[in-house]
């Protein structure tokens, strides 16, 4: 791409620097200090006392929950979402614009309403049961299955969109050539189509993994408050104006995740697949 | 394909007709199940919206009273208007800016691009409440100069903050796929770089721009925590309103009615659009149909 | 594309212009749906003031909004403990009673006065300051907390009235299979366990915290929720939950509205209010961001009129704080209007003034203690 376009990124760099860097530095400062809403500037002192929060068993369990659920959600979204995206590409329906909008349309309704409605039909006595006479989910309200179901079907549209965007321009001639060379349809998919769409999978995974990891509403509602994610803890800390702990957790997660993504780019030999 | 089969069989082609049949049935079932999964919550909301009773666990009778009632819910109506206003402005701006920012980032050297793309993930990754809080603190600094800044302006700015990354994330892979010779060819023909960008590159990445736009709209329309901290002057959106009501009271089923209407109107709009496109296409030749996304 | 952008900008411009009417404004920060629109309209007409209401869902969010000063609110409606915190941090303006002539027209209910006294007492204990919160706050609504229970469970009602808190917390002894729910505000859970142990819910030390943890673990709650608790009890998905009495009344009024009788609803689910229980008091206070001080006083004075207070309660359904307004509601017992009659009935049952109770409003604990309670609850949940 023309180097002249570099200038287009300048405003965004300034924007990101001001709105991301400054707050992160402020958060790091807050997590080391005793600063809170009712303290005066002269009393501010630095300490490591907040760090014992990181070894609190609830913090570790919450972080583990977030990681496990986010990974599982991303994987399931990848399998099912890829399938749907591929079907959209293959479909004879010419106007893909409509199909994509159709896929993401449920997300335009409020997340709380959607999640509570899922919680509703997952519980023992619910509105659907009163119509059809039986429970389609059994009674999974409050279990990990409920949470996983909610997460997967809430964030899957992100995966479908990203994967489809990558699949969209794959030349059919390539696929034909693969078949001509004697590959089975499955091999053709695995050796030709999938590698070409891998960028979309990566983008989609980021879009599913990150919000799932930091989210709190879906686990809270669908587990009936029994499965705690790290997002729930951060949320609580901020709401109860414990900014020191909230900032500390937020920064630790940021560093952990961005660090992992950065490491991945290092191992990525061609350096072009990720980011 | 059918005609070629006999000839390529000799080169190792195997017959998958039977397997294909089973696979195609399996595929159809799976598609239906997944779509049902995606729409399950919407269906339940729709059922709740036509339930005569306000009791969410028992369906008594079909009634459309909650639909008629939407207009009477003044606070709800105001919140809906605010949501549409903020989301449409934010989506248009985010799509436009995000596309050009992505082009700019793509032009950077690989090293600095990786760094900036990492930072680009922060708004997506950070817990909403943290983002909302830090944005508020930053915007507050502007209050010294513009005392009444909080309201529509800050709300749109905050929404841009977390929607632009989604646009960039969608556009970037498409940019990498575009043939670098495309630009060069256009410029060799004497086209100025920015004109080439708009005439050649943008059309090549429009699928990415489009999905970026959808994502931006989706994120913007449903945001609570970031909006809460960055709104002002009574400019509450629908999410803020919904959260605030369930804090002490019950939601009126008119909220479900509105949600259902939003989904239905969009669906009908999409079908209508498709229908009109078909009619138009009937007159044109088949060439256009190779464009996957026609918008 | 250009057209779209242009239309949107024109649209937003016109909206901003419409919003800028010439009338003086009164900016209120309130809970959602926590005010009768008719009352607002009546006030706007009478005083020619434009009321703009913003909403939030918790006291803590009120606090951060006022603290951030991003919007110049004239009036906020936080609860007791938050008012203590706001006064402590100098965020409120003292009321000018000369501008509130209607104050002499009303008598606060006993429980409300108890709450004010108790707020002053806890403040004195915590910071050594003597503060009369009447100088800052005028009651809006108040209410008790209680245990909503599923009356379809045989014997649960009798057990609750006989053994009180024990039934709720001692899962081993009473109804081991009952599904128990708790409000997911850590301090509420702590306070409930403290009352079960016959302690003042506002006391705190590490030993107490440890015994509270054991109590909460033993109760083995199946749900930590908020507004979901009342609906799950109603739907027979939960058997007991500690929540606002107003939460129960909310569901009760809805069912009455749909033609059920009071007896029918009560035989499905009901609320038990222990003799010692938590209360909350939402008050109108003026934050120091105020720009329309006169309008704020006018609004408060307007709601000090018992008739307006009763009118407001008719939609909101929480307990009024003035005896005169309560009398108006009770007078509807003979009303022809079924809704008003039911409403009066419910008020006489659930806000019965004859019953002697000990009311504890929650106080603002020291931030590190709040945090310790929060962590303890998270530990119990993640177990």
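Condition (residue is facing another protein chain (nearest Cβ under 7 Å), closer than 30 Å to residue A:85 by Cα and surrounded by 23 or more Cβ atoms within 10 Å (Cβ to Cβ)) applied to the stretch B:232-248: is it met by at least one residue? The answer is no, given that none of the residues of the stretch B:232-248 is facing another protein chain (nearest Cβ under 7 Å), closer than 30 Å to residue A:85 by Cα and surrounded by 23 or more Cβ atoms within 10 Å (Cβ to Cβ). Exactly one residue out of B:34, B:58, B:47, B:70 is part of a helix (DSSP H, G or I), within 8 Å of another protein chain (Cβ to nearest Cβ) and under 24 Å from residue B:249 (Cβ atoms): that is B:47.
With the structure loaded, tell me whether residue C:368 is more than 23 Å from the chain's Cα centre (by Cα) and either in contact (Cβ under 8 Å) with a residue 40 or more places away in the chain or within 30 Å of residue A:61 (Cβ to Cβ) (or both) or whether it fails that test. So residue C:368 fits the description; yes. Quick check on residue C:288: is it buried (at least 18 other Cβ atoms within 10 Å of the Cβ), farther than 21 Å from residue C:317 by Cα and either in contact with a strand residue (DSSP E or B) (Cβ under 7 Å, 6 or more places away or on another chain) or touching a residue at least 24 places away in the same chain (Cβ under 8 Å) (or both)? Against the criterion (buried (at least 18 other Cβ atoms within 10 Å of the Cβ), farther than 21 Å from residue C:317 by Cα and either in contact with a strand residue (DSSP E or B) (Cβ under 7 Å, 6 or more places away or on another chain) or touching a residue at least 24 places away in the same chain (Cβ under 8 Å) (or both)), residue C:288 does not qualify. Within the stretch C:111-124, residues that are without any contact (Cβ under 8 Å) to a residue 12 or more places away in the chain have Cβ atoms under 7 Å from residues that are assigned to a helix (DSSP H, G or I) in no pair, counting only partners at least 6 apart in sequence or on another chain. I'm trying to understand the selection: among the residues of the stretch A:117-126, which are more than 7 Å from chain B (Cβ to nearest Cβ) and either at pLDDT 90 or above or touching a helix residue (DSSP H, G or I) at 6+ places or on another chain (Cβ under 6 Å) (or both)? Passing the criteria: A:119, A:122. Just one residue in the set B:50, B:43 is at pLDDT 90 or above and in contact with a strand residue (DSSP E or B) (Cβ under 7 Å, 6 or more places away or on another chain); that residue is B:50.
Taking (1) more than 12 Å from chain A (Cβ to nearest Cβ); (2) surrounded by fewer than 22 Cβ atoms within 10 Å (Cβ to Cβ); (3) touching a helix residue (DSSP H, G or I) at 6+ places or on another chain (Cβ under 7 Å); (4) over 23 Å from residue B:210 (Cα atoms) in turn, residue B:93 satisfies each apart from (4).
The test for being facing another protein chain (nearest Cβ under 8 Å), touching a residue at least 12 places away in the same chain (Cβ under 8 Å) and either in a helix (DSSP H, G or I) or surrounded by 24 or more Cβ atoms within 10 Å (Cβ to Cβ) (or both) holds for residue B:215.
Evaluation of residue B:176 against the conditions (1) more than 30 Å from residue B:258 (Cα to Cα); (2) surrounded by fewer than 23 Cβ atoms within 10 Å (Cβ to Cβ); (3) within 14 Å of chain A (Cβ to nearest Cβ); (4) without any contact (Cβ under 8 Å) to a residue 40 or more places away in the chain shows that the sole unmet condition is (4). Going by the conditions given, is residue B:114 without any contact (Cβ under 8 Å) to a residue 40 or more places away in the chain and in a helix (DSSP H, G or I)? Taking the combined requirement at face value, the residue satisfies it.
Only one of A:129, A:96, A:92 is modelled with pLDDT under 85 and more than 7 Å from chain B (Cβ to nearest Cβ). Can you tell me which? When all the criteria are applied, what remains is A:92. Of the set (1) under 28 Å from residue B:179 (Cβ atoms); (2) in contact with a helix residue (DSSP H, G or I) (Cβ under 9 Å, 6 or more places away or on another chain), all apply to residue A:217 but (1). Filtering B:167, B:130 for residues that are at negative phi, crowded, with 19+ Cβ neighbours inside 10 Å, part of a helix (DSSP H, G or I) and facing chain A (nearest Cβ under 8 Å) leaves a single hit, B:130.
Considering the stretch A:132-239, the qualifying helices (runs of 4 or more DSSP H), each wholly inside and each with 2 or more residues that are free of Cβ contacts under 8 Å to residues at least 24 places away in the same chain, buried (at least 24 other Cβ atoms within 10 Å of the Cβ) and within 14 Å of chain C (Cβ to nearest Cβ), run over A:230-239. For the stretch C:331-350, check the following and say yes or no: at least one residue is within 20 Å of the chain's Cα centre (by Cα) and assigned to a loop (DSSP other than H, G, I, E, B). Looking for residues that are within 20 Å of the chain's Cα centre (by Cα) and assigned to a loop (DSSP other than H, G, I, E, B), one finds none in the stretch C:331-350, hence no.
Can you go through C:97, C:196, C:149, C:108 and tell me which one is surrounded by 21 or more Cβ atoms within 10 Å (Cβ to Cβ) and either free of Cβ contacts under 8 Å to residues at least 60 places away in the same chain or assigned by TED's automatic domain parsing to the domain that holds residue C:322 (or both)? Answer to the check: C:196. All of B:220, B:254 fail the test of being within 30 Å of residue C:252 (Cβ to Cβ), buried (at least 19 other Cβ atoms within 10 Å of the Cβ), at pLDDT 85 or above and within 14 Å of chain C (Cβ to nearest Cβ), apart from B:254.
In contact (Cβ under 8 Å) with a residue 12 or more places away in the chain, closer than 30 Å to residue A:217 by Cβ, crowded, with 23+ Cβ neighbours inside 10 Å and within 14 Å of another protein chain (Cβ to nearest Cβ), is that true of residue C:253? So residue C:253 does not fit the description; no.
Touching a helix residue (DSSP H, G or I) at 6+ places or on another chain (Cβ under 9 Å), away from every other protein chain (no Cβ under 14 Å), over 22 Å from residue C:229 (Cα atoms) and part of a loop (DSSP other than H, G, I, E, B): is that true of residue C:290 in this structure? It is true that residue C:290 is touching a helix residue (DSSP H, G or I) at 6+ places or on another chain (Cβ under 9 Å), away from every other protein chain (no Cβ under 14 Å), over 22 Å from residue C:229 (Cα atoms) and part of a loop (DSSP other than H, G, I, E, B). Scanning the stretch C:145-179 for residues that are in contact with a helix residue (DSSP H, G or I) (Cβ under 6 Å, 6 or more places away or on another chain) and not in a helix (DSSP H, G or I) yields C:146, C:147, C:148, C:149, C:150, C:151, C:171, C:174. Residues in the stretch B:199-209: is at least one within 29 Å of residue A:89 (Cα to Cα), under 24 Å from the mean Cα position of the chain (by Cα) and more than 10 Å from every other protein chain (Cβ to nearest Cβ)? Among the residues of the stretch B:199-209, at least one is within 29 Å of residue A:89 (Cα to Cα), under 24 Å from the mean Cα position of the chain (by Cα) and more than 10 Å from every other protein chain (Cβ to nearest Cβ), which makes the answer yes.
Filter the stretch A:70-88 down to residues that are facing chain B (nearest Cβ under 10 Å) and surrounded by fewer than 20 Cβ atoms within 10 Å (Cβ to Cβ) and give me whichever is nearest to the chain's Cα centre (by Cα). The residue in question is A:83.
Among the numbered conditions (1) modelled with pLDDT of 85 or more; (2) within 11 Å of chain C (Cβ to nearest Cβ), the only one that residue A:251 does not meet is (2). The helices (runs of 4 or more DSSP H) located wholly in the stretch C:192-271 that include 1 or more residues which are over 20 Å from residue C:315 (Cα atoms) occupy C:206-219, C:227-234, C:262-268. Looking at C:128, C:155, C:143, just one residue is more than 22 Å from the chain's Cα centre (by Cα) and at pLDDT below 90, and that residue is C:128.
The values are calculated or read from the model by the stated rules, or taken from the named source; none is laboratory data. The structure presented is a predicted model; accordingly, all values stated were derived computationally and were not measured. All Cβ positions, even for glycine, are placed from backbone atoms using ideal geometry, and neighbour counts span all protein chains on display.
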